[in-house]
1. When the residues of the range C:53-105 are narrowed to those that are free of Cβ contacts under 8 Å to residues at least 12 places away in the same chain and in a helix (DSSP H, G or I), which ends up farthest from C:Ser164 (Cα to Cα)?
2. Looking at the range B:142-173, which of the residues that are over 17 Å from B:Val260 (Cα atoms) and of a type in the set (Gly, Ala, Ser) is farthest from the chain's Cα centre (by Cα)?
3. From the set of residues in the range C:130-148 that are in a loop (DSSP other than H, G, I, E, B) and more than 14 Å from chain B (Cβ to nearest Cβ), which is surrounded by the most Cβ atoms within 10 Å (Cβ to Cβ)?
4. Looking at the range B:190-205, which of its residues are more than 22 Å from the chain's Cα centre (by Cα) and in a helix (DSSP H, G or I)?
5. Do you know which residues across the range C:65-116 are within 14 Å of chain A (Cβ to nearest Cβ) and among the β-branched types (Val, Ile, Thr)?
6. Only one of these conditions is not met by B:Val86: (1) surrounded by fewer than 16 Cβ atoms within 10 Å (Cβ to Cβ); (2) of a type outside the set (Gly, Ala, Ser); (3) within 26 Å of the chain's Cα centre (by Cα). Which number is it?
7. Output yes when any residue across the range C:37-52 is small (Gly, Ala, Ser) and part of a helix (DSSP H, G or I), and no when none is.
8. Taking the condition farther than 27 Å from C:Thr92 by Cβ and polar (S, T, N, Q), does A:Ser53 pass?
Amino acid sequence: MTELIVILVGTVLVNNFVLVRFLGLCPFMGVSRNLEAAAGMSLATAFVLTLSSATAYLLHRYVLVPLELEYLRTISFILVIAASVQFTEIMVRRLSPLLNQVLGIYIPLIATNCAVLGVALLNVQQSNGFVQSVFFGFGAAAGFALVLVMFATIRERLEVADIPAPFRGTAIALMTAGIMSLAFMGFSGMARP
Amino acid sequence: MSAPTYDLGKLHGGLRLDANKQIATSEPLQSIPIPAQLVLPITQHAGDAAQPIVGIGERVLKGQLIAEPDSSMGAPVHASSSGKIVAIEPWPVSRRYGDNAPCIVIECDGKDKAIAPAEALPAFDSMPPEVLETLILQGGIVGLGGAVFPTAQKLMQASTCKLDYLILNGVECEPYISCDDMLMRERAREVLVGGQILLHALELDICYIAIESDKPAAIHRIGEVLQELNDERLVLKQVPSIYPSGGEDQLVQLVTNLEVPSGGLPTDVGCLVQNVGTAAAIYDWIVHHEPLISRITTVSGDGIAQPMNVMARLGTTVADIVNFVGGYTEIAEQMIIGGPMTGKSVSTDRVPVVKATNCILVLSKTPAISDEMPCIRCGECADVCPIQLLPQQLFWYACADDEAKLRSYGLTDCIECGCCDLVCPSHIPLTYDFRMAKARIRELADEKARAVRARMRFEARNERLDKQQNERDEQLAQQKEAAKTAGPAAIAEILKRKKKQLDEDE
Amino acid sequence: MSVDMWTAVLTISVIALLAGLALSLASKMLPADSGELVEQVNELLPQTQCAQCGYPGCRPYAQAIVAGDAAINLCPPGGEDTIRRLAAKLGTDSLPLAEPPALARAVAIIDETVCIGCTHCRAACPVDAIVGAHQLMHTIIEAECTGCELCIAPCPVDCISMRSLP
């Protein structure tokens, strides 16, 4: 039990995938313009992460390892992730066409989100069991969602603030991301990665 | 003396301001004599304009009806003294942007002859509530706290809700204004009996009289009369002197600890608030049959030689009143009708005293206000907002013209009290910005409503055209059907006739 | 070729096949979108049905926007506000108005001394704001007029003009 909580705290705060490991930066910068889009994106990514990390673990443990095909890890994980993403896209299109329109190209790009592939590969690297893998994936998703939503709310306020002309738009967003990363450094040392 | 109770709710924010009331309350109340001319705007209430029912040259008596409302949201206007109508024309009035408004001008004959009442009025507690409400409407009674909402309509709306408390508002939290203070000192009995009339009209059992703690004389006098009346339904409550505790929603929260919902009314939480002046006016009308034709007004500020409270007939111009109290001082620079926080600036003293005029404030030049500086996000404004809004965020979204965000941050709940404006270290004119933003929101809401209506009409028109087309198609199809069968038969008929003709010819 | 290589190829093929099957199943079972987005975009447009955007009404324009065929800055009656709201809704950037309107908010008015009662303008009005019968006087209901100017062209005697509101 403690181990699972440590995994959660570790992935959400201490080794946050976006602000500490710097994985998954493309939706972080691209979808954080407004809060609804960010929330939608977080949900979609969380769904993909949890589904694909579980499936990847099962695939690795029960197919690749017995058949001694570990060298096919990367390509088979990518297949699984791509399939999950496609499934998610179908779901989003059905449930919320507006979200589909707003997120646009970023939904299929979840397939190349290095955080998603990173979770799957890290699970193997750290030799996590099934439950740990799921918690790891879920924690990664929660950390991603937390940071994405925080950044979106800050960007919404930046939109209307009185920013000097050279800094408006992407410049101030990147500076904000840097400051957020600084803040998250305060968590380091709390839990082992 | 009836002991005031102290169990109060909590009010967020607000400011303790320098009251500056003693400069006017140290003088006794005086009555302004009949002026040479009375200028009565025909609309002295919130709602639709009333229409004059008298003509130029007509002689009127004091208390005679001279303007009647032609819709359900209005109040009548009565002549404040006897005389002759000399004009019905636009005149400067103390509206927000200094417009002229149509006014009935009466040249007073000095006799002040009152109109005789139609029949003697029965005692108020023998009249059923609906009759009382209609009677109150006829007296021209409106809310004398400043909003001048027609009182009868307010009571009628209130009787449709479940009510628990009546609250008489004697708080008068704005600096300089002391007209309600003097009213309670000099006419406490009229105020309290007016409260009893309201209790009867609303069929309620509890009436709280709320007075600020910086009015000890008024509290004392009200307490004395409460003891004389010995009516346990009337309870005195003392509230702390914080601005704007006299606002309707704020007072309800202070006295009963119930929060009026956003966009709602005090009747939603079972309370009805009336100004003490309104209560006294109701008494005058219901018991003595004198309609609302005069009110107490504070004349104050360092631009007035002898500040005091005066009882003035409605329609007396500010110039006449200032003359009576000794004129202006040398340092007089600006005139405000109302208080320093929520009053309206006027540029001429020809404006008349109307039902809403609680104070005439003449001030010397205020120290130069610095130019507006950028917002430093200090958050002082949020600390003082009595509605617990976030003026800082509202300011940013007002600058960005973001209607959706302004609504979600509660701009429509802003009471424009001016607290945030006063504390802002960057001197940002927040109250003005919010007023502009509210107007913009209203404009956008209007446009949206128009768009919805246009779409409805467009879709209805398309339906109609489709229906017409379908009917035409059906008719055509029917005709074709008929033609199919009718055709050969008709041709056969023609051939037969032709043959018969040919046979006959042969 | 060794067995290992075949196992590897087979495993990947099986995974891909399974994934493909699952996706095609999902795609069949879950129907496509409901057109809700078009409705939401249509709500943001001013409903003047004036066709100044090039589409025969506001709904067709909304459909074109959602399909990606039309830019969001083609609506003059909507003005900058509508463009901003569309951009916010769709998560794209705001654009300047393609062609600014001639008058801010205008309504049409019929010159009654010239009108011949031909009913051509009545048929042209997309919101039925013109009242009148054949050979009888026509008039425009000012409250319902959206200022779309579609009635001006059909009038054979040119008796309709636009008047801007204060």
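The values are calculated or read from the model by the stated rules, or taken from the named source; none is laboratory data. Being a predicted model, the structure only gives us computed values, none of them experimental. FYI the Cβ positions are ideal-geometry reconstructions off the backbone, even for glycines, and counts take in every protein chain you see.
1. Top of the filtered list is C:Ala67.
2. B:Ser159
3. The first filter runs over the range C:130-148 and keeps only residues in a loop (DSSP other than H, G, I, E, B), leaving C:132-138, C:141-148.
From what's left, more than 14 Å from chain B (Cβ to nearest Cβ): C:132-138.
Details: C:Gly132: 17, C:Ala133: 10, C:His134: 9, C:Gln135: 9, C:Leu136: 10, C:Met137: 12, C:His138: 23.
The extreme case among them is C:His138.
4. Looking only at the range B:190-205, we keep the residues that are more than 22 Å from the chain's Cα centre (by Cα), and these are B:190, B:192-193, B:196, B:200, B:203-205.
Hits for the range B:190-205 are B:Glu190, B:Leu192, B:Val193, B:Gln196, B:His200.
5. Taking the range C:65-116 and keeping what is within 14 Å of chain A (Cβ to nearest Cβ), we get C:65-70, C:72, C:84-94.
Once the filter is applied, which keeps residues that are within 14 Å of chain A (Cβ to nearest Cβ) and among the β-branched types (Val, Ile, Thr), the range C:65-116 yields C:Ile65, C:Val66, C:Ile72, C:Thr92.
6. (3)
7. Start the filter on the range C:37-52 by keeping residues that are small (Gly, Ala, Ser), which leaves C:51.
Imposing the further condition that a residue be part of a helix (DSSP H, G or I) reduces the set to none.
No: zero hits.
8. Considered against the rule, which asks whether it is farther than 27 Å from C:Thr92 by Cβ and polar (S, T, N, Q), A:Ser53 comes out as yes.
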